[in-house]
Amino acid sequence: MRLPLLALMAGIVINITPLLRDAAVATSESTGEQIDSAPCTAALMAGDDDKIIAACEALIGNDKAPKADRIKAAIARAAAYDRKGEIDRAIGDDDIVLRLDPTLADVLNARGELFRKKGDRVHALADFGAAFRLDPNNATAKANYKALSLEIERIGAMMAVNNKPSFNCATARRPVEKAICANPELANLDREINAVNTKVVRQAGANDPRAGRAMQREQDEFLARRNSAFGQAGYDLRQAMRDRLDHLMALVSRF
């Protein structure tokens, strides 16, 4: 998300406001060319996305404007495009920012989130990883990288065993197991639950074996409830399995 960038975006107002008192004109030190930044500043202060997109174009596209102001304007316009659902244009503005300053970890993370919205996991993972390498304390980039890595890992694993549960259907005896084997969606859910639970148990037990055993007991209790409740009025097997997977995924992100 772009919340970490708000302070940076707001900085353009701080940097430019004093210049508004001098006829709302900024001057490039290297060329002496006058650069009118007032329209972009006014649009930012108004919080109007359409005005930000239109008014900041001249500042962003002027290579004689101060680099810092161009960066802040491009970040602001990328956020405006993002809010309007124009993902490719938002990515384009983040590209501009990163060409001007490739060391901005928050912008790399923001671009990664845009790529992820598009379903481009490869570029998203690359941006999250680059952001985290630039700033190891960037908790958002770290969490995004970890979550997307797990998602890609799950997708790869599912491709190899698609529509197969974690157990052998040939030896299934319980009614609930036969129901899972007969339904590809339930079979995939069962396999995912087993895979993520295995990871949770391993991670929990890495430093404390008792914690790992506790996680496995929790899974055993879920299976026991599933086996006994299946077929009873009001029991929704699909929902119970989805809830279990969501719970396990939340645990993975904590370790």
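The values are calculated or read from the model by the stated rules, or taken from the named source; none is laboratory data. Keep in mind the model is a prediction, meaning the values are calculated, not measured. Cβ placement follows ideal geometry from the backbone for every residue including glycine, while neighbour counts extend to all protein chains displayed. We work out accessible area using only protein heavy atoms, side chains counted, and drop any ligands, DNA or RNA first. Shrake-Rupley method; radii C 1.70, N 1.55, O 1.52, S 1.80 Å.
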Handout entry: Cβ-defined net charge surrounding SER166, 14 Å radius [Lys, Arg +1; Asp, Glu -1]
Key = +3
Fill in the blank from the handout: Rounded to the nearest 0.05, FRET efficiency between ALA179 and ARG133 (Cβ-Cβ, R0 45 Å) equals 0.45
Problem - Accessible surface, segment 78-204, averaged per residue in Å² (probe 1.4 Å) - result: 51 Å²
Practice task
Rank-order 177-187, 225-235, 108-118, 63-73 by packing density, defined as the average count of other C-beta atoms within 10 Å over each peptide's residues, highest first.
Solution key: 108-118, 63-73, 177-187, 225-235
Problem - Relative contact order (%) - segment 33-97, alpha-carbon pairs under 8 angstrom, separation at least six - result: 28 percent
Problem - Total formal charge among the other residues, if their Cβ is under 15 angstrom from that of GLU192, Lys/Arg +1 and Asp/Glu -1 - result: +2
Handout entry: THR171 accessible area, assembled protein chains, probe 1.4 Å, Å²
Key = 80 Å²
Practice task
Please work out the C-alpha center-to-center distance from segment 211-233 to segment 172-206 and express it in whole Å.
Solution key: 11 Å
Practice task
Using a 1.4 angstrom probe on heavy atoms only, work out the carbon and sulfur share of the accessible area of segment 160-220 in %.
Solution key: 50 percent
